[in-house]
Each structure stands twice: as C-alpha cells, then as structure tokens.
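Peer 1: Pasting a structure below so you can have a look.
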Amino acid sequence: MSHRILLLVSVIGVIIVLGLALSNRSDKNENSVLSAPIENQPAFEPMTSSDGGVEIIVRPTNLSSGSPTWSFEVSLSTHSVELSEDMVAVSKLVLDSGETLNPLAWEGDPPGGHHRGGILTFAAAPTTLPLSVTLKILKIGGVPEREFKWNIK
C-alpha cells in the first residue's frame, strides 16, 4: 500500500513540475510577441516624463500600417503619490491631422501602488499612416498633460 501512495505522489509531483515548466514557457513566448519588432517599422525610442514626482516611460511597440491596432508599452513609477488612474480614461492618441483616438484597452497592472506597467492599445488610424503620433497622458501626479511624440515616416 505504501508503494502505491509513493508512486501516486511521485506521478502527481511530475505532473505539477511539467505544468509549471510549460506555463513559464508560454508566458515567455507571449511576452516576446509583445516586444517583437513589426516588419517595415522603425524601432521607436522610449520617451520619459518625470514631472510631478511620477516618472512615465512610453515606447511604441506597434505602429504598423498593416495592423488593426497600435500599442504602447507604458511604465509608471513614483514614491510620492498613489497611481490610481484608469489608464484608458487618462490617455489619448493624437494624429498629425489632429484626429484623436481613444484607447481600446489597458493590459497591465491595475490602479493602485507606486509602480505600474502595461500595454495601452488603440485602434489603428482609419486612413493612411500619419507622419507622427502624440500620446497624451492626463492628470497623473498633478501634471495636467504629458506629451510623447514620435515621427512615423
């Protein structure tokens, strides 16, 4: 009887270890997809704003003309205020034509705390690829508006 229990515990242990290994492997693959460069797209430099005691670093991860969505990697860090803002509500993307796009989603850390990060996603421009885009983030750390601008073409 004790041999059966030992065998059962061993089999369960192997299943758990394999499950964890496969889970970590799929997480790494998902992260590499988010940061993989898009063909025919320049590598965009990250931009930083450190006003109001909050550092925000933003980097476009996809501004491809063939993509239905555009995305930005956003990192927020502070030691002075609570980062409780809804990133979808306080962000907008302004095209060089003046057209404003609202975010579709924020995939990242929930409101709260002193360090947050995630991906902010917008529907891609409905017409041709703009010459530039400006991501505006509003009312974080007492700063009315922060602008992050990239030239695309």
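The values are calculated or read from the model by the stated rules, or taken from the named source; none is laboratory data. Note that the structure is predicted; figures quoted are calculated from it, not measured. Every residue, glycine as well, gets a Cβ built from its backbone with ideal geometry; the counts of neighbours run over all protein chains shown.
Peer 1: Is it the case that the stretch 69-76 has a residue that's within 16 Å of the chain's Cα centre (by Cα), among the acidic types (Asp, Glu) and more than 18 Å from residue 106 (Cα to Cα)?
Peer 2: no
Peer 1: Does residue 121 qualify as being assigned by TED's automatic domain parsing to the domain that holds residue 145, polar (S, T, N, Q) and surrounded by 13 or more Cβ atoms within 10 Å (Cβ to Cβ)?
Peer 2: Yes.
Peer 1: Go through 82, 107, 147 for me and flag whichever is exposed (fewer than 13 other Cβ atoms within 10 Å of the Cβ) and touching a His at 6+ places or on another chain (Cβ under 9 Å).
Peer 2: Within the list 82, 107, 147, the selection yields 82.
Peer 1: While we're looking at this one, here's another question. Restricting the search to the stretch 107-126, which residues are of a type outside the set (Gly, Ala, Ser) and touching a residue at least 24 places away in the same chain (Cβ under 8 Å)?
Peer 2: Correct list: 111, 114, 115, 116, 119, 120, 121, 122.
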